[in-house]
1. Please verify whether residue 297 is modelled with pLDDT of 95 or more and either among the charged types (D, E, K, R) or within 24 Å of the chain's Cα centre (by Cα) (or both), treating the condition exactly as stated.
2. Assuming residue 167 fulfils every condition listed in (1) within 20 Å of residue 18 (Cα to Cα); (2) within 22 Å of the chain's Cα centre (by Cα); (3) not aromatic (Phe, Trp, Tyr) apart from one, which condition is it?
3. Is there any pair linking a residue in the range 113-138 that is in the same structural domain as residue 88 (by TED's automatic domain parsing) and among the small types (Gly, Ala, Ser) to one that is assigned to a loop (DSSP other than H, G, I, E, B) and within 11 Å of the ligand (Cβ to nearest atom), with Cβ under 7 Å and at least six apart or on different chains, and which?
4. Among (1) within 16 Å of the ligand (Cβ to nearest atom); (2) over 17 Å from residue 265 (Cβ atoms), where does residue 8 come up short?
5. Mind listing just one residue for me: the one in the range 91-114 that is of a type in the set (S, T, N, Q) and more than 16 Å from the ligand (Cβ to nearest atom) and, of those, surrounded by the fewest Cβ atoms within 10 Å (Cβ to Cβ)?
6. Give all pairs with beta carbons closer than 9 Å in which a residue from the range 2-18 that is within 13 Å of residue 100 (Cβ to Cβ) and part of a strand (DSSP E or B) meets a residue that is within 14 Å of the ligand (Cβ to nearest atom) and among the hydrophobic types (A, V, I, L, M, F, W, C); count only pairs at least 6 apart in sequence or on separate chains.
7. May I ask you to verify whether residue 64 is away from the ligand (no atom under 16 Å from the Cβ) and over 21 Å from residue 291 (Cβ atoms)?
8. Which residues, taken from the range 115-143, are more than 16 Å from the ligand (Cβ to nearest atom) and touching a Phe, Trp or Tyr at 6+ places or on another chain (Cβ under 8 Å)?
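The values are calculated or read from the model by the stated rules, or taken from the named source; none is laboratory data. Keep in mind it's a predicted model, so treat the numbers as computed, not measured. Cβ: placed from backbone, ideal geometry, glycine included. Neighbour counts: every protein chain shown.
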Amino acid sequence: MKETALYIHIPFCDHKCIYCDFYSIITYENTSSYLQSLKKEISFYAEKYNDDRKIISIYFGGGTPSFMEPEYISEIIEHVKQNFVLAENPEITLETNPGTVDKQKLENFNRAGINRISIGIQSFNEDELKFLTRIHDAQTAIKTVCDATKAGFANINIDLIFNLPGQTKQKWLNNLDEALRLPITHLSAYSLILEHGTILNKMVLDGKVKMQSDDYDAELYEITIDHLTQKGFEQYEVSNFALQGYECMHNNAYWRYKDYLSFGTSAHSFVNGKRWWNFSSVKFYNDAVSKNGNGIAGEEILTKEEMLDEYVMLALRSSGLDMNELEKLFGRSWLIKNQNYISRLIEQKFLTLTSTLLKFTSKGYAVCDEILAKLK
Ligand code: SF4
């Protein structure tokens with residue numbers, strides 16, 4: 001059976017954070033009609049793809065899924081279970097914001113079937129949290145991680161953002177150390193990106209905020225890799241670090257180029273080399289699902305070359321490129337074309353080759369975008 005990951009988008013948020021360009025809306029008026037659309041869309045794709053698929057993970061992303069009541073999430077999980085074949089122990093993740101849950105609510109999420117919590121903390125520094133316009137303070141963030149443990153979660157990720165304006169190396173190290181004091185199994189560390197259309201972008205254009213340089217960003221990134229790997233967290237993707245056995249199954253499915261089906265506004269799916277995406281607006285999405293059973297706004301079929309490019313890029317950015325697997329799927333031409341460049345990268349210690357696995361070193365991860373642009 002073909003292993004497939006499921007993503008479910010919950011677009012509702014309490015307010016808009018200044019740096020965020022995800023599709024999210026600040027109203028709870030449409031949550032009931034949205035739930036009906038999600039269920040209809042899940043049934044639609046189950047009928048189409050259920051025969052030869054096994055669901056290995058379900059990921060509730062947003063938006064702020066933890067804003068919803070556990071019963072809401074439970075109803076979706078039950079609907080998935082009724083319509084798809086699930087693997088024995090599927091990973092089921094809920095993105096959670098500190099300040100939206102307490103121990104009781106987390107216990108109820110756990111009872112609903114959630115077995116992995118991903119907490120968007122971003123920083124433990126009060127000034128940084130205020131700057132990012134997060135709804136929580138550091139104490140609430142720490143309490144949420146501890147409550148998650150008490151509620152029975154053994155698999156906890158936290159997200160942190162580095163290279164905030166004015167962030168010193170020491171401040172960032174303090175954030176990492178605070179994280180490492182908590183009972184977490186996974187840490188995602190992202191550099192602050194200036195996205196078009198965000199409030200932060202306008203603040204920068206108006207001269208009210210100054211972003212830090214790319215060189216400084218690279219220094220903080222190297223500090224991150226050194227610090228986390230020294231403490232036993234293995235880097236298994238550019239921005240992701242996990243204790244042994246706690247790599248995110250769902251993200252690995254994306255990076256290993258497995259099929260994924262996604263439901264809800266702005267959700268992207270990828271099945272058998274075809275990619276499609278849904279309407280971003282709840283109204284357009286609801287209307288489309290009611291009419292067609294799905295919320296598709298657009299689609300593309302990837303050429304063999306595009307698939308090869310994506311496969312190589314995703315594999316190298318994560319746990320490595322298996323040359324045998326690559327040859328089986330796409331033939332030898334890519335390897336022949338890039339042979340000399342790859343040998344140089346290995347000599348210069350940007351890549352390692354173990355058996356048939358080509359993998360970035362931490363030095364390589366730091367400049368992986370430049371390297372990937374040259375691999376053709
Ligand atoms: S809570 Fe998350 S999804 Fe919502 S606005 Fe803030 S960063 Fe974006």
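1. Yes, satisfied.
2. Every listed condition holds for residue 167 apart from (2).
3. So the pair list comes out as 120/97; 123/132.
4. Against the list (1) within 16 Å of the ligand (Cβ to nearest atom); (2) over 17 Å from residue 265 (Cβ atoms), residue 8 comes up short only on (2).
5. 104
6. 10/60; 10/67; 10/68; 12/25; 12/26; 12/67; 12/68
7. Criteria not met by residue 64.
8. Those that are more than 16 Å from the ligand (Cβ to nearest atom) and touching a Phe, Trp or Tyr at 6+ places or on another chain (Cβ under 8 Å): 115, 116, 138, 142.
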